[in-house]
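What follows is a short report on a single structure.
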Amino acid sequence: MSCSSRRSRFVPSTRRIVIGSAVVLASFGAWTTTATASNVEPRPGYCVTPPSTEQRADILDGFVIENLPDGLGTPSDFEYEWEDVRFHSRVWETGPDPEGAYRVDLTAKTLRGEKLTDLEALKTFLIEYEEKDPDSWELRAVKVGEYDGLAAGDEVFYFVSPGVAAEVSIDNERFTDDDLFNTATGFHPETTT
């Protein structure tokens, strides 16, 4: 990085917050437009796009989503980039509650970038991205289908191939570790036959 070490610590989290906020606001606007489109007359130049084939087919960025626990809320898709790694994520949320808040039930995401060369490189990237303390982040080695991965608490991430990785996180107050690992095992690259 070309910026000072002090700046590099604080700028990424600020950048993630700004990017994440922009993605959420943009997707909320698209969701609101789509949700209300059936209640309004179309105007010239106004276009509502139905959900993509990927969303309908339970595919995200070339990964199939085969296993989902019961009781998930509404899904939304997001795309963003951080430090030359592209993310595609699908987030299921339940809500609103009586105070109007939403709760994230499950997140499945793909990560693509040249720096993701193996599981150790993925871990190093996620330590910086998630601002984890490498000495206190208690990771355990896991197998996710045919892929080597690491798990901690409510998340599991795994290396798929050079430049490609995946991560699944779950609300562990509502769902079990089995739900997490069943979802992760069923979240894998689409095979072509």
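Overview of values
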| item | result |
| --- | --- |
| Of all residues in the stretch 120-148 being more than 18 Å from the chain's Cα centre (by Cα), outside any strand (DSSP E or B) and aliphatic (A, V, I, L, M), the one that is surrounded by the fewest Cβ atoms within 10 Å (Cβ to Cβ) | Ala121 |
| Sole exception among (1) part of a strand (DSSP E or B); (2) of a type outside the set (A, V, I, L, M); (3) open to solvent by 40 Å² or more (accessible area, probe 1.4 Å) for Lys109, by number | (3) |
| Residues of the stretch 158-180 satisfying the condition of being buried (at least 20 other Cβ atoms within 10 Å of the Cβ) and free of Cβ contacts under 8 Å to residues at least 40 places away in the same chain | Tyr158, Val160, Leu180 |
| Failed item, numbered, when Gly100 is tested on (1) on the phi > 0 side of the Ramachandran plot; (2) in contact (Cβ under 8 Å) with a residue 24 or more places away in the chain; (3) exposed (fewer than 13 other Cβ atoms within 10 Å of the Cβ) | (2) |
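The values are calculated or read from the model by the stated rules, or taken from the named source; none is laboratory data. No experiment lies behind these values; they were computed from the predicted model shown. When we count neighbours, we look across all protein chains shown, and the Cβ atoms used for this are built from the backbone with ideal geometry, even at glycine. The accessibility values were calculated without ligands, DNA or RNA, using every heavy atom of the protein model including side chains. Shrake-Rupley method; radii C 1.70, N 1.55, O 1.52, S 1.80 Å.
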